[in-house]
């Protein structure tokens, strides 16, 4: 029964149709285009990280410390486990949506729990493996490939996320229970998670030094973590020294802890699922106040409500503006360090104004609500389709929402960076106009992406926010527009001044925006009509 | 008047979900639409509402074609699906305000209509609560209210009585009769044959995408029950 159940959950969660949002056999052109875009994304990811870790491996090899790569591998894997499980544990274990279907079946609750856990772990292992593959390759390249080392790596790799799974599962449940007591529980949830991320972000940068390769600055931090958290040390020794003892420590401690966890949470999983998320209906005597608005404003307001009602949506597509505001406020207090931090983030030796522009553009590209918000209509899409609203108006409302998410914060950030770094008034004005037009390009491009890759059939928001073709193409498409601007700057930087180039970049972005807007205007209705509600 | 002219729709290009369906629904008609599961009821209702495209034929309401003038048609109609999937991030009143904004109702109109129907269906006191906290029946009532507040000329409903308590079902039937007497047309699908028999002046039966019987309810039934007619048609090969 465990096998059948696991197979069913896999089909339910990870079928190709589910991941892409459409049947690729029925739409070959679309499949090819998305395939090319995915290949581009993968190439960018592996190309960038692969180069950085290959370079780092060479430096460490020269120092005779190539095993430090393994501490990167462990800490990245642990970090990814923390983030993924914090978001997913609640939905996978404690409040799963198909409980009412599964509970009446003659299946032992332990079997259901194990099947759910298996699916969650496989999702984690696959993500973690892909994410850390450049590190693994660099390590084995510089220290030499050997069968025993790879075997030890595979065993140790399976063990290392298990402790974060245990801790984060409980933390995820605690946050869900604690915030459910409040009226605005979702917003409190979003704030807690943002605070957690910003904390990790600040700690990681506060300990870094600026080097040619930004990863070298993290060596001391990871060396510190491996001293403080023994499993990292066991992991490194097990693979690098091929130490059976360390592998035994790692395997034994993690398997015992995880087995105990499974045994102990059985009752808890039963109770939380039985209770469900309590609906709190309060009869209110407060009179209803009516307010009429334009259709566009009503649609934008709806977008705001949706955004703040989904922790996953807000945290993933709202991280850009949050990073922007945190760093720009920090720049007022840590003026001297801000250039170093930006140098690390961008990873290239550029003037401070260009570093700021690159950082702001990156944060705007990370604000990809338009690439997924149409998909997030999901089962509610029938409402928009049956109402007398033009498709362009719906798309426009989604673009306006994305602009409202990033543009005001980007403008405030430019003003704050202007104060902290001393950018002149004219240059600030040019930066503001440039950033606004660039945000328009990104928002409109993302809207087109989602018009072509709608995914209405999903069980939870994560399938759209993190796993959909729209999210992928939205983010990587945004990076492409940054690259186009970067290339344009690089071409002219020897001949023209910074101010003139940025002025020309405004025209460049207008030139990119115009056809995108035209496309939305002309094609929206047709694409909308083809979508199935 | 709603004219459905030889509408055909296929999802896979092989099997016809609707096969040259033609129907006419007059002003004030209370039209019942019955058929077994998968016969094509929802497909036809969604096609009329402009939710899905259809390959051939046309659907015309008040002189506007849903193919060429979808916005004009949608301004005059309301559609209620078989499952009340609505924005859970909104409160009940925020959803109704959203619909009122789309149909450009002024504050006085919307206050009057919302108050009237929310009081009738007994959800006036929970309108400030999030929809996510509503039961299935409460959501169904909210969708019904949202369809009624802008006074559509045509109401399309897919299984409207599913999930409603007996009192709400009774009230909905009363509302149906009341608005039909004022000239509103209602076209709804249901599996509850007694409702069609007692309530509807017209009925159509769909089988494998084709209309196999249609007309005045009394003429179709004659001396039999609608259940007998339906079973006879269903058993014909």
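The values are calculated or read from the model by the stated rules, or taken from the named source; none is laboratory data. Here the structure is a predicted model, which means the values were calculated and not measured. Here the Cβ positions follow ideal geometry from the backbone for every residue, glycine too, while neighbour counts run over all protein chains shown.
Checking the condition farther than 25 Å from residue A:300 by Cα, free of Cβ contacts under 8 Å to residues at least 40 places away in the same chain and surrounded by 16 or more Cβ atoms within 10 Å (Cβ to Cβ), which residue from B:98, B:161 passes?
Selected residue: B:161, the only one of B:98, B:161 that is farther than 25 Å from residue A:300 by Cα, free of Cβ contacts under 8 Å to residues at least 40 places away in the same chain and surrounded by 16 or more Cβ atoms within 10 Å (Cβ to Cβ).
For residue B:70, state whether it is in contact (Cβ under 8 Å) with a residue 60 or more places away in the chain and closer than 22 Å to residue B:158 by Cβ.
When the stated conditions are applied, residue B:70 does not pass them.
Please go through (1) touching a helix residue (DSSP H, G or I) at 6+ places or on another chain (Cβ under 7 Å); (2) surrounded by 18 or more Cβ atoms within 10 Å (Cβ to Cβ); (3) assigned to a loop (DSSP other than H, G, I, E, B) for residue B:21 and return the number of the only condition it doesn't satisfy.
For residue B:21, the exception is condition (3).
If you go through the range A:345-394 one residue at a time, how many are within 11 Å of chain B (Cβ to nearest Cβ) and on the phi > 0 side of the Ramachandran plot?
Matching residues across the range A:345-394 total 1.
Consider residue B:59 carefully, then state whether it is outside any helix (DSSP H, G or I), touching a residue at least 40 places away in the same chain (Cβ under 8 Å), more than 11 Å from chain A (Cβ to nearest Cβ) and crowded, with 20+ Cβ neighbours inside 10 Å.
So residue B:59 fits the description; yes.
Does the range A:514-525 contain at least one residue that is within 14 Å of chain B (Cβ to nearest Cβ) and closer than 30 Å to residue B:82 by Cβ?
Yes, the conditions are met somewhere in the range A:514-525.
Write out, first by first residue and then by second, each pair whose Cβ atoms fall under 6 Å of each other, whose residues are 6+ apart or on separate chains, and whose first residue, in the range B:44-55, is more than 10 Å from chain A (Cβ to nearest Cβ) while the second is in a loop (DSSP other than H, G, I, E, B).
These pairs meet every condition: B:47/B:54.
Just one of the numbered conditions (1) under 14 Å from the mean Cα position of the chain (by Cα); (2) within 10 Å of chain A (Cβ to nearest Cβ); (3) under 17 Å from residue B:90 (Cα atoms) is not true of residue B:141; which one?
(2)
Among the residues of the range A:449-467, write down those that are within 25 Å of residue A:391 (Cβ to Cβ) and touching a helix residue (DSSP H, G or I) at 6+ places or on another chain (Cβ under 6 Å).
A:449, A:450, A:451, A:453, A:454, A:455, A:456, A:458, A:461, A:464, A:465 - these are the residues of the range A:449-467 that are within 25 Å of residue A:391 (Cβ to Cβ) and touching a helix residue (DSSP H, G or I) at 6+ places or on another chain (Cβ under 6 Å).
How many residues does the range B:200-219 hold that are buried (at least 20 other Cβ atoms within 10 Å of the Cβ) and in contact with a helix residue (DSSP H, G or I) (Cβ under 7 Å, 6 or more places away or on another chain)?
The total comes to 5.
Those residues that are closer than 19 Å to residue A:12 by Cα and either surrounded by 23 or more Cβ atoms within 10 Å (Cβ to Cβ) or under 19 Å from the mean Cα position of the chain (by Cα) (or both), I need them from the range A:444-459; list them, please.
A:454, A:455, A:458, A:459
Working only within the range A:118-130, note down all residues that are under 13 Å from residue A:10 (Cβ atoms) and crowded, with 18+ Cβ neighbours inside 10 Å.
A:119, A:120, A:121, A:123
Just a yes or no: is a residue in the range A:409-421 within 14 Å of another protein chain (Cβ to nearest Cβ), part of a helix (DSSP H, G or I) and either touching a residue at least 40 places away in the same chain (Cβ under 8 Å) or crowded, with 21+ Cβ neighbours inside 10 Å (or both)?
no
What do you reckon, is residue A:472 crowded, with 17+ Cβ neighbours inside 10 Å and within 14 Å of another protein chain (Cβ to nearest Cβ)?
Against the criterion (crowded, with 17+ Cβ neighbours inside 10 Å and within 14 Å of another protein chain (Cβ to nearest Cβ)), residue A:472 does not qualify.
Scan the range A:358-374 residue by residue and report those that are free of Cβ contacts under 8 Å to residues at least 60 places away in the same chain and under 13 Å from the mean Cα position of the chain (by Cα).
A:363
Here is a yes/no grid of residues against (1) farther than 20 Å from residue B:113 by Cα; (2) out of contact with any helix residue (DSSP H, G or I) (no Cβ under 9 Å at 6 or more places or on another chain); (3) in contact (Cβ under 8 Å) with a residue 40 or more places away in the chain; (4) part of a helix (DSSP H, G or I):
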{"site": "B:146", "(1), (2), (3), (4)": "no, no, yes, yes"}
{"site": "B:178", "(1), (2), (3), (4)": "no, yes, no, yes"}
{"site": "B:188", "(1), (2), (3), (4)": "yes, no, yes, no"}
{"site": "B:195", "(1), (2), (3), (4)": "yes, no, yes, yes"}
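Of the residues A:133, A:73, A:80, which is within 29 Å of the chain's Cα centre (by Cα) and crowded, with 21+ Cβ neighbours inside 10 Å?
A:73
For the range B:132-142, give me the residue count where each residue is under 18 Å from residue B:100 (Cα atoms) and crowded, with 22+ Cβ neighbours inside 10 Å.
Counting residues in the range B:132-142 that are under 18 Å from residue B:100 (Cα atoms) and crowded, with 22+ Cβ neighbours inside 10 Å gives 3.
Condition check ((1) in contact (Cβ under 8 Å) with a residue 24 or more places away in the chain; (2) over 30 Å from residue B:51 (Cβ atoms); (3) not assigned by TED's automatic domain parsing to the domain that holds residue A:40) across all residues:
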{"position": "A:426", "(1), (2), (3)": "yes, yes, yes"}
{"position": "A:433", "(1), (2), (3)": "yes, yes, yes"}
{"position": "A:460", "(1), (2), (3)": "yes, no, yes"}
{"position": "A:484", "(1), (2), (3)": "yes, yes, yes"}
{"position": "A:493", "(1), (2), (3)": "no, yes, yes"}
{"position": "A:510", "(1), (2), (3)": "yes, yes, yes"}
{"position": "A:523", "(1), (2), (3)": "yes, no, yes"}
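What pairs can you find where one residue is in the range B:122-137 and within 12 Å of residue B:168 (Cβ to Cβ), the other is surrounded by 20 or more Cβ atoms within 10 Å (Cβ to Cβ) and at pLDDT 90 or above, and their Cβ atoms are less than 6 Å apart, with a gap of 6+ or different chains?
B:123/B:138; B:123/B:141
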